[in-house]
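Here the structure is laid out as structure tokens; the discussion comes afterwards.
The values are calculated or read from the model by the stated rules, or taken from the named source; none is laboratory data. All values derive from a computational prediction rather than experimental measurement. Don't worry about glycine lacking a Cβ; one is built from the backbone with ideal geometry, like all the others, and counts go over all protein chains shown. Surface accessibility is based on the protein's heavy atoms, side chains included, excluding ligands, DNA and RNA. Shrake-Rupley method; radii C 1.70, N 1.55, O 1.52, S 1.80 Å.
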Amino acid sequence: MDFSEEMIDEILKIFQVESEEIISRLNNNLLDLEKNPNNKDAILMLFRDAHSLKGASRMVGFNNAQILAHKMEDVLGLAKENKISLNFKVVNILYKTVDFLSELIQKSIQKGQEIYSEDISQQVSILDSVSEYAVEGNQKITQI
């Protein structure tokens, strides 16, 4: 189905509002998690919001944002399953990912199409490293 330019603009406006709300909740829940690293409710809300951002990004064709949100969701899923502890380093990585996602989404919306940055693959690698350490049973994440 082909969309008119007006329809695309409207879809991106809706996505912008939704993504800003999700990013705000992600930041707030990360702040709560920083204060109480064992807050299972915050972890669950973070997981759900990462999942929602992943789906919304996919709907508008922002594949890079979708990939980053998916990798973030993977890390949070491990935390939800008690396979990783969300220590200071991991929370800091998640903060940086949220900031990066916010910037990536805003620039893509302004341009009217997805943008690419070399930093995307670097951030994906960092998130993959967190997941790999958890899978290997190293919950300290000291080498990141």
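Numerical summary
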read-out: Residue check for residue 61: of a type in the set (Gly, Ala, Ser), touching a residue at least 60 places away in the same chain (Cβ under 8 Å) and open to solvent by 20 Å² or more (accessible area, probe 1.4 Å); value: no
read-out: Cross-chain or 6+ apart pairs with Cβ under 6 Å, segment 81-94 first and on the phi < 0 side of the Ramachandran plot and without any contact (Cβ under 8 Å) to a residue 40 or more places away in the chain, then in a helix (DSSP H, G or I) and surrounded by 14 or more Cβ atoms within 10 Å (Cβ to Cβ); value: none
read-out: Within segment 1-15, tally of residues that are open to solvent by 80 Å² or more (accessible area, probe 1.4 Å) and in a helix (DSSP H, G or I); value: 6
read-out: Among residues of segment 130-143, those that are assigned to a helix (DSSP H, G or I) and either modelled with pLDDT under 80 or exposed (fewer than 15 other Cβ atoms within 10 Å of the Cβ) (or both), counted; value: 4
read-out: Residues of segment 116-128 that turn out to be out of contact with any Asp or Glu (no Cβ under 8 Å at 6 or more places or on another chain), open to solvent by less than 40 Å² (accessible area, probe 1.4 Å) and either closer than 17 Å to residue 11 by Cα or in a helix (DSSP H, G or I) (or both), as a count; value: 3
read-out: Scan of segment 16-26 for residues that are closer than 12 Å to residue 99 by Cα and surrounded by fewer than 16 Cβ atoms within 10 Å (Cβ to Cβ), ordered by number; value: 20, 24
read-out: Which listed residue is surrounded by 22 or more Cβ atoms within 10 Å (Cβ to Cβ), modelled with pLDDT under 95 and closer than 15 Å to residue 97 by Cα, from 86, 68, 53, 76; value: 86
read-out: Test: residue in segment 26-42 that is of a type in the set (Gly, Ala, Ser), under 11 Å from the mean Cα position of the chain (by Cα), assigned to a helix (DSSP H, G or I) and at pLDDT 95 or above; value: no
